[in-house]
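Readers should treat all values here as calculations from the given coordinates under stated rules, not as data from a laboratory. Keep in mind that this is a model prediction, so the values were computed, not measured. Cβ placement follows ideal geometry from the backbone for every residue including glycine, while neighbour counts extend to all protein chains displayed.
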Amino acid sequence: LPDRFAGAGVRDAEPFEIADAIDGRTAMIHWVAGPAARPSLDEVVAVADRAGLPVLVDAAAELPPATNLRRFIESGADLVVFSGGKALGGPQASGILAGRRDLIMAAALQQLDLDIALAQWRPPADFIDLSQLAGLPQHGIGRPCKVGKEEVVGLLVALERFLADDPAARRAAWRDRLLEIRHGLLGRRGLEVVLRDEGEVPLLALEIDEQRLGRTAFDLLLALEAGEPSIRPYSSEIHDRRLLINPLALRGGEPGAIVDAVIRLLETSS
Ligand SMILES: *Cc1c(COP(=O)(O)O)cnc(C)c1O
């Protein structure tokens, strides 16, 4: 198994192994984007090209930067997906599928629920090539994942706003919310507050001194989640006694609510 993360090995799957796994039933190669992704997209695209297969990139969390909207396709991917509900700030049940027209048409045909005749259907010509259809497909596998018109329009508006935003100003606003939390929590015993200012989205790490607090970081996490308002730090570093705060969805006033909740918990601890 590829197991750099388990620590039992230092390698992931290699390009030759992906090539070896391809057979007549392989339709596409799925690649999940991320700083630690191995093999690289270039290597996977090379394998896919040799096999005549398309590559789909899961880039759900790869915005910002906005340049990523085009980067994966420019690097040879055939399709790319982005979450509508993360940094784009659009509807949670939305996302973008971009790339090769024929594959997007194939995906769109899987969403249909049209109890009409083919002759009645007038989809945009650059979206659906009617000349390729012998009939109107029945309910496809995408049907249970139907996206409402409200989500479609909401996502388009969110995308326009995201692209119109000044990236530096957006990041500064995220950082300011974290600094507000840090300011409110500085000097509290049992707690170190560290701003992680690298990366597209800054993070705030709350490092819990379990000894001094007489309470585990996991305890604090559960208490924050159970509070009113419910506060949901990332728990990915809970084993290192750290709670991580992501500012993406924080609005004005909410940093103060986080400070109040953490202080209340610290004061009722130990
Ligand atoms: C968030 C995420 C998803 C899921 O995106 P949704 O918009 O919530 O469906 C998928 N893949 C990766 C890599 C993600 O980070």
Per residue, the convex hull volume that the Cα atoms of the chain enclose (Å³): 174 Å³
With the crude spin-label approximation of a point 7 Å out along Cα→Cβ, what separation in nm comes out for Ala108 versus Arg175? 4.1 nm
Would you please state which residues of region 28-50 a label at Val10 would reach in this model, taking the label point 7 Å out along Cα→Cβ and a backbone N cut-off of under 19 Å? 36-40
When you count, for each residue, the other Cβ atoms within 10 Å and take the mean per peptide, how do 158-164, 208-214, 142-148 rank with the highest first? 208-214, 158-164, 142-148
A student applying the Cα gyration tensor rule (rounded when a/c is under 1.5; otherwise prolate if a/b is larger than b/c, oblate if not) would label region 1-94 oblate
Report, in degrees rounded to the nearest 10, the 0 to 90 angle that the Cα long axis of helix 149-164 makes with the longest principal axis of the chain. 70 degrees
Between helix 167-185 and the chain, what is the angle of the helix's C-alpha long axis to the longest principal axis, kept within 0 to 90° and rounded to the nearest 10? 30 degrees
Helix 254-268 axis, angle to the chain major axis (alpha carbon atoms, nearest 10°): 50 degrees
Everything considered on the Cα gyration tensor (a ≥ b ≥ c; rounded for a/c under 1.5, else prolate if a/b is larger than b/c, else oblate), region 63-205 must be described as prolate
In whole Å, how far is the Cα centre of region 221-270 from that of region 104-132? 47 Å
